[in-house]
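Structure first, then comments.
Derivation of every value follows stated rules applied to the coordinates shown; laboratory data play no part. Please read these numbers as outputs of a predicted model, since none were measured by experiment. Here Cβ is always computed from backbone atoms with ideal geometry, including for glycine, and neighbour counts include all displayed protein chains.
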Amino acid sequence: MTAPQSPIPNPYFVDACIEAIGAPHVLTSAHDTAPFLTDWRKRYQGQALAVLLPGTTEEVAKVVQLAREYRVTVVPQGGNTGLAGGATPDASGAQAVIGLRRLNRIRDVDPHNNTITVEAGVVLADIQARADKEQRLFALSLAAEGSCTIGGNLATNAGGTGVLRYGNTRELCLGLEVVTPQGEIWDGLRGLRKDNTGYDLRDLYIGAEGTLGIITAAVMKLHPAPVARVTALAALASPAAALDFLATAQRYAGPLLTGFELMSDFCLNLVHTHFPQMRYPFSQAHGQTVLLELSDSESEEHGRALFERLMEHAMETGLVEDAVVAESLAQSQAFWDLREHIPLAQAQEGLNIKHDISVPISRIGHFIEETDALVAQTAPGARMVTFGHLGDGNLHYNVQAPEGVDPKRFLAEFQDAVNRVVYDRVHAHRGSISAEHGLGQLKVDEAMHYKSPVEIRLMRALKTALDPENLMNPGKVIPSIAPRKQGGFDAPPNE
């Protein structure tokens, strides 16, 4: 079911927004709005009636009320670092982008409750830094942390490198403040770990990508800051060996194991090709490399002793073929830089077919083996760039054009077929076609292809109940639905 064409917006909408939040915060010129209209990967280019930059929750509520009054659909946007087009407006020029960057205050830090209350526009790295001042850890960490905002992290239920120990953004959130599609403010900023008083509204909004309401603030969990971190690179023969090594590391380290990242040999060589200062870490090639990190609350000596026992066992049993342990913070950061430069190296190499997927951890080896073979049949010569968070089953299973082949031509010829192969195998292994990037507009139709009719009906029912006029980020997460007519959803005209 498709939404009807949007009417021409009331010309007084922009004037009303100027009165509500001030002229400097209502952008309409092409020069001013341009940074808000293209997604980070430059895959989607939209247009907007206006870009609105409210500075308080009350101002967000006011512009949503105006949007409802003038029948203008809205697109919430944080740091605009998303990878699925979820924060980009459509091409109609009839939508308004609501940018949340001015909601950038840290409202409260409660060290005894281990919580921090922040507004949606606070940059992730700023939350980490404030937690550090309180000798606490805010555990969410990802490559875009210097520019992404916590509101966007919550809207997409971002993952990152600490999921193995601390969970996704959802697990790090205790309470929310949300502006509803009716322009009301729900104050759910309760820093409670136990609250069994009804439906969990918080979890409805996390991961909804602004389609059910606009998150304006959140209470996030803090953890005691670790005393020491031990970081290492371990060389292994295959993904199956890496899975066995993960089980061994969990047995030896338990909750101290905070990072376990898988990188194929081709990934590391690609990084060295485009960033020569980042050298291949071993004296000879190995099929896979694992970046693992232990966080110890006792002492550096305790962490290193535990790590040495783990690596001694792993190498004696043949699980690990070689290993390098970071001897300083700088070397530890260099190891993480290798991992984080893989997407940048891919971009330098040329356009590629990206997949952010998850499968049960125990199935990762089988998935890679089967899917690699099928992709090779479908797109001969394609180069596999496989890396990700092995500890939580999240793979970035990317496909690069064969060497010497024009990437644009490769994508035009093979992208749909490769996507079908990959997504079919994900589905066969009872996985997800979007692990941490969200659906946005990139994967909304693909997701509907793999979800059951029951699941789709439930999702549509939630959207219709909370946003009956389909004003909030329409066309994202689920295909656009028609607004509820007077008398009920899709009611006959005379009913």
- request: Rounded to whole Hz and in sequence order, give me ³J(HN,Hα) for the range 39-49 from the Karplus expression 6.51 cos²θ - 1.76 cosθ + 1.60, θ = phi - 60°, writing x for Gly and Pro.
  value: 6, 4, 7, 6, 8, 10, 10, x, 10, 9, 4
- prompt: In the neighborhood of Ala323, defined by Cβ-to-Cβ distances under 11 Å, what is the net charge if each Lys or Arg adds +1 and each Asp or Glu adds -1?
  reply: -4
message: Eigenvalues of the Cα gyration tensor times 5, then square-rooted: what semi-axes does that give for the range 112-184, in whole angstrom, largest first?
response: 20, 14, 13
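Kindly put His437, His313, His25 in sequence by how many other C-beta atoms sit within 10 Å of each C-beta, fewest to most.
On the way: His437 22, His313 15, His25 18.
Lowest to highest Cβ neighbour count: His313, His25, His437.
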- line: Long-range amide H partners of Asp90, meaning residues 5 or more apart or on another chain whose placed amide H is closer than 5 Å, are Gln47
field: Cα-based helix-to-principal-axis angle, 329-340 vs the chain, degrees rounded to 10
entry: 60 degrees
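Using the 2.2 N^0.38 Å rule of thumb for compact globular proteins, work out how the range 189-262 stacks up: its C-alpha Rg over that value, please. Mind showing how you got there, number by number?
Values: Rg = 18.9 Å, N = 74, 2.2 N^0.38 = 11.3 Å.
Expressed relative to 2.2 N^0.38 Å, the Cα Rg reads 1.68.
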- prompt: Near Gly388, within a Cβ-to-Cβ distance under 13 Å, what is the net charge of the other residues, with Lys and Arg +1 and Asp and Glu -1?
  reply: -3
query: Where in the range 233-319 are there trypsin sites (Lys or Arg not before Pro) that are in a DSSP coil and have at most 14 other Cβ atoms within 10 angstrom of their Cβ?
result: Arg279
- line: Binned at 10 Å from zero, the C-alpha pair distances of the range 350-444 give percents of 16, 53, 28, 3
query: So what is log10(I(q)/I(0)) for the chain at q = 0.07, 0.12 1/Å, when the Debye sum runs over its Cα atoms only?
result: -0.40, -1.14
- request: Go through the range 470-476 residue by residue and turn each phi into a ³J(HN,Hα) via Karplus (6.51, -1.76, 1.60, θ = phi - 60°); whole Hz please, and just put x for glycine and proline.
  value: 6, 8, 9, 6, x, x, 9
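Express the relative contact order of the chain as a whole percentage, based on alpha carbon pairs under 8 Å and six or more residues apart in sequence.
Values: 1018 pairs, mean separation 74.5, N = 495.
This gives 15 percent for the chain.
What length, rounded to one decimal in nm, is gained on full extension from Ala91 through to Ala305, with 0.36 nm per residue of separation minus their alpha-carbon distance?
Numbers: separation 214, 0.36 × 214 = 77.04 nm, distance 5.79 nm.
Taking Ala91 through Ala305 to full extension adds about 71.3 nm, to one decimal.
Less than 11 Å Cβ to Cβ from Met448, Lys/Arg counted +1 and Asp/Glu -1: what total charge do the surrounding residues give?
Numbers: positive: Lys443, Lys451, Arg460; negative: Asp445, Glu446, Glu455.
Charge balance near Met448 sits at 0.
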- request: Order by neighbour count: Ile342, Ile433, Ile215, fewest other Cβ atoms within 10 Å first, most last.
  value: Ile433, Ile342, Ile215
- prompt: By the gyration tensor of its Cα atoms, with a ≥ b ≥ c the square roots of the eigenvalues, what is the shape of the range 228-343: rounded for a/c under 1.5, prolate for a/b over b/c, or oblate?
  reply: oblate
- request: Counting other beta carbons within 10 Å of each Cβ, put His449, His112, His355, His366 in order, fewest first.
  value: His112, His449, His366, His355
